[in-house]
Amino acid sequence: MEIGPIWRALTRNKTGAILIALQIAVTLAIIVNAVAIIQERSRLMARPSGVDEPNIFYLSSIGFGDDFNERVTIQEDLDAIRNTPGVVNAIQSNSVPLRGGGWSMGLQTEPGSESESSGVAVYFIDEHGLDTYGLELVAGENFTAADVNWREPQAVEWPDKVLLTQAMAETLYPDGFMEALGNTVYINGNEPMTVTGIIKQMQAPWNGWNGVERVMLVPQHTLFGSTRYIVRTEPGQRDRLMPEIEDMLAERSRDRIIRGMTTMEETRERSYQGDSGMVGILIFVVSLLTAITALGIVGLASFSVSRRTRQIGTRRALGATKPAILRYFMTENFLISIIGVLVGAALAIGLNMWMVQAFSLTPLGWYLVPVAMVLLLIVGQIAVLGPARRAASVPPAVATRTV
Amino acid sequence: MLSMQNVAKIYRTDTVETHALRAFSMEVAEGEFVAVTGPSGSGKTTFLNIAGLLETFESGVYKLDGSDVSSLSDAKRSNVRNEKIGFIFQSFNLIPDLNVFDNVDVPLRYRGFKSAERKRRIESVLETVGLASRTKHLPSQLSGGQQQRVAIARALAGEPRFLLADEPTGNLDTQMAASVMALLTEINQRGTTIIMVTHDPSLAEQATRNIYIRDGQVSEDSSAETLSAPEAAA
Amino acid sequence: MFSYYIKLGWLSIRRNPILSILMVSAIAVGIGACMTVLTVNYLMSSNPIPHKSDQLFYVQVDSWDPNGFDENTEPVDQLTYIDAMNLMKAGKAFRQVASNRSGLVLEPSSEDERPFLVDARTTHADFFPMFDLPFLYGAGWDKSADDAQEQVVVLSREINERVFGGEDSVGKRVTMNGLNFRVVGVIDEWMPVPKFYDVTNGAFNLPEDVYIPFSVGVANQLSRNGNTNCWKEPDGEGFEAFLAGECVWIQFWAELRNEQEKEAYMSFLNAYAEEQKALGRFPRPLNNRLRNVMEWMEHQEVVEEDAQVMLWLSMLFLLVCLLNTIGLLLAKFLGKAGDIGLRRALGATKGTLFIQHLIESAMIGLAGGVLGLGLTWLGLKGVQRLFGDFLTHLATMDWVMVTTAIGLAIVSALLAGLYPTWRACNIAPASQLKTQ
């Protein structure tokens, strides 16, 4: 069966064909852009936080009452947690990656308020910090117990030593992160700190920040009234230890509230809830839309088959085999779909260009359009299969029936 | 050419069984122009459908051009229709979305002819029916008589061994009907066997042989008196 | 005649049940998708305090870093303690409120119940009349309580439920962070969406559990649970230095009843800024703002970008569903050509046929709209599940949305029906009456 007569017959019954083609075109435009957004979000969500997520949980302890001694409590709490069987290590810190809330400062390589400073996320840790978070030290050395001091709520002084992530070190020393090691960086414009080590990777608490891997680790315990313990357990022990440690801490002192018991995995989930929700909706939209378009094709093709019953019978009488009739309708759909996907490709790219501008999305990958085109062509062929088979089963005797 | 022996056809619905043909037998020789008449419901159309391989039947033997076509597969029957039989329908059955040229082209496409061959045949056969100048017209732009001529051209384009015509003038006025009949006679005289189903006795008279069907069986056959006619026609 | 058309429509819909179901569900799905997204957008961009949103102004005076300033730079989004207190003291607006988000530990009086954390807002007396908080019992506190640092508290309905079993607790005592507060009022259900008075800390957060005087919060150095930003470190250690420093953490609202008041307040702000410049603060050029509620919501881009992207995609989605419906209606109406030809032959005018088929389309639209409402409800449930707490009070339907959904469905179906109807009405009466 050749295309010529099918095409000419199609041009005599344009409207239905145009409607299907348009539907396919808009569907393609939506699908391509939805998938582009899905990809973008998935990429964001796939970034590692740098910490040992499966085995870390954290909780807050808020002291109240006049006889609450925060310093002693923190020391005793940490000792007790670290001595619990199944715990790998534990620290007090202000935040964890992906949590959403945290502390940020600016660092610069030259002192003075004229120099440009780079934003950096701050985690307060002690000498157990690297082990607790599961961080890899690529150069320099970890803090020692002697480095760690206590920070009062409104303190403005900073300790002498600091660890930086590779990304932060590179931001300050574009020639290579190793330059940072042993060098002095300035916080608050002119307070010096010595970079004593470099961490391979760790994320800031805000996943939406463009400097998300710029992190500094500071050897301090904080006395802010509300404190957060980060606990790393041996694999598989986390869920057992969470209630155990919560109870233990609650028992140890009545003058505080233990709350906010959260695993890193939950934190990741909550942190990307908007993104994963968007991905979920878009996947749903894409499948629903494809289904609707397919149903539309089925509906219109069925109608065109029933309207052309006599014509099909005549063709059969004139010698068309069943496969020839099947092929006729498949070819017809293919022609309509081809036009649809071509228009749709242009539409998809246009829509993407507009969305990139209006909503700062990333441009779509070049391969998405052809893949979606092929996919929709296949969907069209599958959708038309049913009506086409019904057409093929029209008996040739229909031709002699007087209606 | 065509031979049916004890062919039986039964239509079944949930409640009714209709014996459309019962022990139907007939022979048609090469070059004959046979008119099949009979009252409505007598089985004319069933005979036509079976003769044209449009329908299967329950029992009996049907030989076309010497070979048994009683139990061919659907695809084989399509091929036989395409190569050996030309159909002319009462309501023309032109495909409304295709122009004259493409309509005549339909069976040739299924035949698998090359483009040049198809073009040659279409032009020559449209010449024969006197519509060579109307190739780009759509069926809706033609008169009934012209439409039926296109349908005849379509039936002839594949150079079939015989034509099956179902009330070919039923939808035409007298004048057009006459010219269509003249065309069919001419075709028959060039050697194509024609079987025409009609209810119109005046049309039947123009055939070389008349068969009258009643209750699914041949009840009268004029071939007894005009045995020599086929030879004369040939 | 209308009921006759309805009957004809119904018969026609029943004649091709599968096709009709297909059309109704196409419209329903389109409407469902569109309305789900529209509802979320609508609630995100809704006016939380419609009767006076144009009289409430968010105050920004620019105390920020001169580095990197150009004429397009926005003033900093919150106020320093110094500025907030100065503006409160000046009292130039009809009402004014400086407030901040805090957290307190509430210690129930009974020994069996463990202390728990409550979200608190440290604020001023004007907060309650200014934002029209509905009171279940009692009322807000007086300005004198602000000045005297009185330990008074207004409880939310839930907290009153939890601590006092829902009874009229005015005059009772409650201990928070070791301080003894006297209950002066209990507010009824109050859920401004967006939470316009503090979008800096989350436009869709829940309102606080308790409200206490700002002065009490400062005097007791209560924790700040919201954003705090400093462009330079305070001079020296300690809370006093922090309060005196260039750190912003306070939201400031002014109620200005008319244009004159607004202009007067703006010039007051500018004069204030000049005054501060003379004292060596406010290094930037004059850069103050007064934005009313909706301007402030828009400026803060309260409607999530994702929601907008979804809105566009859902519009296109509806378009596909409509194209679908147009195609099916066209097929259907042209399939009825014989019927239409016959009616024309029997004397129906084009006009009557037009109305007949439009009514049929509208019936399909209505069915689609009703079904679409159900799908919208399901869609909103789904959105809630996917996005969690953040969207719970954004995913509810009101009458506006219900009528919009049905209206949108009918209008869509009528639009979709227009072309097929026009085609059907132009079928020549004779062409369909011949055999074939």
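How high is the relative contact order of segment A:1-119, given as a whole-number percent (alpha carbon pairs under 8 Å, six or more residues apart)?
11
Quick one: 3J(HN,Hα) in Hz for segment B:153-166, Karplus 6.51/-1.76/1.60 with θ = phi - 60°, rounded, Gly and Pro as x.
Calculated HN-Hα couplings, in order: 4, 4, 5, 8, 4, x, 6, x, 6, 8, 9, 10, 10, 10 Hz.
How large is ³J(HN,Hα), in whole Hz, for each residue of segment A:182-198 in order, when computed from phi with the Karplus curve 6.51 cos²θ - 1.76 cosθ + 1.60 and θ = phi - 60°, using x for Gly and Pro?
The phi angles translate into x, 7, 9, 10, 10, 10, 6, x, 9, 8, x, 9, 9, 7, 9, x, 10 Hz.
Compute accessible area for segment A:28-47 by itself and then with all protein chains, 1.4 Å probe, and report residues whose area falls by 20 Å² or more.
A:Ile30, A:Arg41
Between C:Leu366, C:Leu269, C:Leu316, where does the largest GNM mean-square fluctuation fall for chain C, given springs only between Cα atoms within less than 10 Å?
Comparing C:Leu366, C:Leu269, C:Leu316 in a Gaussian network model of chain C, the most mobile one is C:Leu316.
So how much accessible surface do C and A hide from each other in total, probe 1.4 Å, in square angstrom to the nearest 100?
4300
Non-local amide H neighbours of C:Gly103 (under 5 Å, H modeled in plane, Pro and chain starts lacking H): which ones?
C:Ala120, C:Ser223, C:Asn225
Using Cα pairs closer than 8 Å and at least 6 residues apart in sequence, work out the relative contact order for segment A:262-403, in percent. Display every interim value, and only then the final one.
Working: 92 pairs, mean separation 63.2, N = 142.
Averaging sequence separation for qualifying contacts and normalising by length gives 45 percent for segment A:262-403.
Pairs of alpha-carbon atoms within less than 8 angstrom and 6+ residues apart define the contacts here; what relative contact order does chain A have, in percent?
Taking the mean separation of contacting Cα pairs over the length of chain A, I get 28 percent.
Let me know the whole percent of all Cα-Cα pairs from segment B:1-128 that are separated by more than 26 Å.
It works out to 34 percent of all Cα pairs.
If I model a spin label as a point 7 Å beyond the Cα along the Cα-Cβ vector, how far apart are those points for C:Ala264 and A:Leu375 in nm?
6.3
Per residue, how much accessible surface does segment A:59-203 expose to a 1.4 Å probe? Answer in Å², no decimals.
41
For the ranges C:419-425, A:200-206, what's the packing order if you count other beta-carbon atoms within 10 Å of each residue, average per peptide, and put the highest first?
Result, highest mean Cβ count within 10 Å first: A:200-206, C:419-425.
For a label point 7 angstrom out from the Cα of A:Leu44 toward its Cβ, which stretches of segment A:71-100 have the backbone nitrogen within less than 19 Å?
Output list for this probe position: A:97-100.
Enumerate the aspartates and glutamates that B:Lys136 could reach by cross-link, defined here as Cα to Cα under 15 Å, with residues fewer than 8 away along the same chain left out.
Cα-Cα hits under 15 Å: B:Asp97, B:Asp102, B:Asp105, B:Glu123, B:Glu127.
Can you check what the net charge comes to around B:Arg161, using other residues whose Cβ is under 10 Å from the Cβ of B:Arg161 (Lys, Arg +1; Asp, Glu -1)? Let's see the in-between values first.
Values: positive: B:Lys84; negative: B:Glu30, B:Asp65, B:Glu83, B:Glu159.
Neighbourhood net charge equals -3.
Given H placed 1.01 Å from N in the peptide plane, which residues other than close sequence neighbours of B:Val218 have an amide H under 5 Å from its amide H?
B:Ser25
Considering chain C, which cysteines have no disulfide-compatible partner, defined as another cysteine with its Cβ under 4.7 Å away?
By the Cβ distance rule, which asks for a partner under 4.7 Å, the isolated cysteines are C:Cys34, C:Cys321, C:Cys425.
May I ask you to give the solvent-accessible area per residue for segment A:248-307, in square angstrom, as obtained with a 1.4 angstrom probe?
I get 42 Å² per residue for segment A:248-307.
Setting aside same-chain residues fewer than 8 positions from A:Lys200, which lysines have a Cα under 19 Å from its Cα?
Partners found: A:Lys161.
Describe numerically, in nm with one decimal, the distance between label points set 7 Å from Cα along Cα→Cβ at A:Ser360 and at A:Asp67.
So the label points at A:Ser360 and A:Asp67 sit 5.3 nm apart.
Counting only protein heavy atoms, what percent of the accessible surface of segment B:1-70 is carbon or sulfur at a 1.4 Å probe?
Details: 1380 of 2900 Å².
Carbon plus sulfur share of accessible area: 48 percent.
Using the structure shown, list the pairs from B:Lys44/B:Lys76; C:Lys52/C:Lys381; B:Lys44/C:Lys332; C:Lys52/C:Lys92 with a Cα-Cα distance above 28 Å, or answer none.
Going by Cα-Cα distance, C:Lys52/C:Lys381; B:Lys44/C:Lys332 fall outside the 28 Å limit.
Nearest 500 deg cm²/dmol is fine: what mean residue ellipticity at 222 nm does chain A get from its DSSP H runs of n ≥ 4 alone, each adding -39,500 (n - 2.57), divided by its residue count?
Value at 222 nm, helices only, nearest 500: -16500 deg cm²/dmol.
With every protein chain left in place, what is the accessible area per residue of segment B:84-234 in square angstrom, probe 1.4 Å?
I get 43 Å² per residue for segment B:84-234.
Pull up all non-local amide H partners of B:Gly41: gap of 5 or more, or a different chain, and H-to-H distance under 5 Å with H placed in the peptide plane.
Amide H to amide H, under 5 Å and 5 or more residues apart or across chains, B:Gly41 pairs with nothing.
Residue by residue through segment B:195-203, what is 3J(HN,Hα) from phi via Karplus (6.51 cos²θ - 1.76 cosθ + 1.60, θ = phi - 60°)? Round to whole Hz and write x for glycine and proline.
10, 10, 8, 8, 10, 9, x, 5, 6
How much accessible area does C:Lys195 have with a 1.4 Å probe, in Å² rounded to the nearest 10?
10
Which value in deg cm²/dmol, rounded to the nearest 500, describes the helix-derived mean residue ellipticity at 222 nm for chain C, given -39,500 (n - 2.57) per DSSP H run of n ≥ 4 and division by the residue count?
-16000 deg cm²/dmol
Please give the peptides C:145-157, B:113-125 ranked by average Cβ packing (other Cβ atoms within 10 Å per residue), highest first, as a rough proxy for protection. Please report the intermediate quantities before stating the final value.
Working: C:145-157: 20.4, B:113-125: 15.2.
Ranked by mean Cβ neighbours within 10 Å, highest first: C:145-157, B:113-125.
What FRET efficiency do you get for B:Glu220 and A:Arg389 if R0 is 51 Å and r is their Cβ-Cβ distance, rounded to the nearest 0.05?
Working from the Cβ atoms, E equals 0.70.
Which of B:Lys84/B:Lys114; C:Lys7/C:Lys350; C:Lys143/C:Lys232 have a Cα-Cα distance over 22 Å? Walk me through the intermediate numbers first.
Details: B:Lys84/B:Lys114 19 Å; C:Lys7/C:Lys350 19 Å; C:Lys143/C:Lys232 33 Å.
In this structure, C:Lys143/C:Lys232 exceed 22 Å between Cα atoms.
The values are calculated or read from the model by the stated rules, or taken from the named source; none is laboratory data. Bear in mind the structure is a predicted one, so any value in this text is a computation, not a measurement. When we count neighbours, we look across all protein chains shown, and the Cβ atoms used for this are built from the backbone with ideal geometry, even at glycine. Side chains included, ligands, DNA and RNA excluded: accessible areas come from the protein's heavy atoms. Shrake-Rupley method; radii C 1.70, N 1.55, O 1.52, S 1.80 Å.
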